[in-house]
Amino acid sequence: MNSGARIPKDGQPITMTPAGLKVPDRPIIPYIRGDGTGVDITPVMIRVVDAAVEKAYGGEKKIAWMKVYAGDEAIEQFHPGLSEDEIKAIPPDERQKLYLPEETAQAIQKYLVAIKGPLTTPVGGGIRSLNVTLRQVLDLYACVRPVKHIGTPAPVREPEKVDMAFFRENTEDVYAGIEWKAGSPDADKVIAWLRGEMKVKSIRFPAKCGIGVKPISEEGSKRLVKAAIEYAIADKRTKVTLVHKGNIMKFTEGAFRDWGYEVGKTYPQIVTEAEVNTTHGGKVPAGKIVLNDRIADQFFQQMLLRPDEYSVVATTNLNGDYMTDAAAAQVGGLGVAPGANINYHTGHAVFEATHGTAPKYAGQDKVNPGSLILSAVEMLKYLGWREPADSILRAIGAAIASKRVTYDLERLMPGANLISCSQFGDEIVKRL
Ligand code: NAP
């Protein structure tokens, strides 16, 4: 660490042990401020978290925040003289490192748990998004998105019935990026091999056809479902649902479902929906968690019509992408949707706002800090610091109920008073 990131003197690293995460009283947590409205929401998040932790533990525990740099802020900090054109002229691999300096990646690697504001997609082609890079480097295989109504105006009649935690597989599926452009020699080669050697007859228009590959593995599916089941146990949930399109894609989506049930068998706490109906007369035995599965399209419908029937949801990457944004919309939108990317084996976890940088509002102290604050709530839960997590959650709900809210909520809530991003933080702190 030499060019900006300071290791807090009074902090200690979080470590991973065979028994799980070991969190000291002064855990070092690297944070990335984020671009655009990151300048507005990140300081508010830190203020709310510090106040809640202080209130819960009276100074006995405290986060040792460690500022690390990424995105535009990394350029401003380390290469302030570079123009956009000069940046674009830098080869992609080197440019990638300007936006995500090695010491930032190393800090997250070392200290395990980090939180970040939104990052701009870097200028110039040929490099991956910084979020994707972090996920790949740290193998953050579970995208965890809890969706719960906290009083924001919502498009459905009974948003309070929504309380779901989504586990979206983060490393496989069509996101593996294995695809070939229609008409390219590579696509033609793959198509010729499929039709010739593999006897595939169902490519409708083979003459000019893009081709993509969807890998879904046993290891990737099982580790994701395991994470979802363990979250359900720790969070005292009653159900885990495997969502898939196994009726159409038997060996990928269907295999995900089957491997999921195999994982379920290894937990004494789990009973399948089929067992409940056949062996237990339709009654869930006390203390058990029900494991069931739903086909994705049917689940989409039921999530809207009967959301209270679902609790923890484990799903493949593409299904999860659509589903988590749709579920967030059901309770009021991305402004209040938290997110995390986690590797439960190594302990690495990056918590983040689910919205982007909203550049048109940057620096105006205007936007809603709710998504990042709720992500911090998930981070506190992950550390096992339940009291401050619960108290922030209650305080945000109470702040929204008081109708003193940021512009996005004010325009939807009749009779609400408009306040700034930082004032909304004050309203939360007042109610801790
Ligand atoms: P965006 O930044 O999420 O903004 C879209 C709209 O969402 C805003 O105009 C605003 O709506 C609303 N919004 C976003 N954040 C809000 C907040 N905190 N409070 C209230 N409303 C909020 O999406 P984008 O404009 O498509 O993307 C901008 C940049 O962000 C791009 O460079 C993109 O690549 C990046 N991005 C980063 C991440 C990430 O780091 N995780 C995720 C997505 C996008 P109104 O206009 O209605 O007020």
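Beta bridges assigned by DSSP with both partners in the chain are antiparallel in approximately 40 percent of cases. To put it simply, the accessible area of the stretch 19-148 at a 1.4 Å probe is 49 percent carbon and sulfur. Among 64-76, 353-365, sorting by the average number of other beta carbon atoms lying within 10 angstrom of each residue, highest first, gives 64-76, 353-365. For Leu21, the solvent-accessible surface with a 1.4 Å probe is about 50 Å², rounded to the nearest 10.
Can you tell me which of 80-90, 101-111 comes out highest on packing, and rank the rest after it, using the mean Cβ neighbours within 10 Å?
101-111, 80-90
Between the alpha-carbon centres of the stretch 261-302 and the stretch 86-162 there is a gap of 33 Å.
How large is the translational diffusion coefficient of the stretch 218-370 in µm² per second when you combine the Kirkwood radius over alpha carbon pairs with Stokes-Einstein at 10 °C and 1.306 mPa s?
Answer, rounded: 93 µm²/s.
The GNM of the chain, with springs linking C-alpha atoms under 10 angstrom apart, assigns the highest mean-square fluctuation among Ala326, Ala398, Ala274 to Ala274.
Largest accessible area first, the listed residues His280, His244 line up as His280, His244 when surface is computed with a 1.4 Å probe on the assembled protein chains. Each listed q (0.10 Å⁻¹) maps to a log10 I(q)/I(0) for the stretch 60-190, found by the Debye formula over equal Cα scatterers with no solvent: -0.53. The listed residues Trp193, Trp385, once ranked by accessible area (1.4 Å probe) with the largest placed first, stand as Trp193, Trp385. For the set Glu179, Glu160, the ranking by accessible area, highest first and with no ligand, DNA or RNA atoms included, is Glu179, Glu160 under a 1.4 Å probe. The residues of the chain expose on average 46 square angstrom of accessible surface per residue, using a 1.4 Å probe on protein heavy atoms. Taking the chain as a Gaussian network of alpha-carbon nodes connected by springs under 10 Å, the highest mean-square fluctuation of the residues Phe256, Phe205, Phe166 belongs to Phe205. Computed over the alpha-carbon atoms, the stretch 173-215 gives an Rg to Rh ratio of 0.96, Rh here being the Kirkwood radius from the mean inverse distance. Accessible surface of the stretch 149-265, 1.4 Å probe: 56 percent of it comes from carbon and sulfur atoms.
For the chain, the Stokes-Einstein estimate of translational diffusion at 4 °C and a viscosity of 1.567 mPa s comes to 56 µm²/s, using the Kirkwood hydrodynamic radius over alpha-carbon pairs.
Each helix, a run of at least 4 DSSP H residues, gives -39500 (n - 2.57); summed and divided by the residues of the chain, these come to -12000 deg cm²/dmol at 222 nm. For the stretch 60-126, the percent of C-alpha pairs falling in each 5 Å distance bin, counted from 0 to the bin holding the largest distance, reads 4, 15, 26, 23, 15, 9, 5, 2, 1, 1, 0.
Highest mean first, the peptides 341-349, 140-148 sorted by other C-beta atoms within 10 Å per residue fall in the order 140-148, 341-349.
The values are calculated or read from the model by the stated rules, or taken from the named source; none is laboratory data. Values in this document were obtained by computation on a predicted structure and should not be read as measured data. Because the Cβ atoms are built from the backbone with ideal geometry, glycine has one as well, and the counts that use them run over all protein chains shown. Quick note on the areas: whole protein, heavy atoms, side chains included, nothing else; ligands and nucleic acids left out. Shrake-Rupley method; radii C 1.70, N 1.55, O 1.52, S 1.80 Å.
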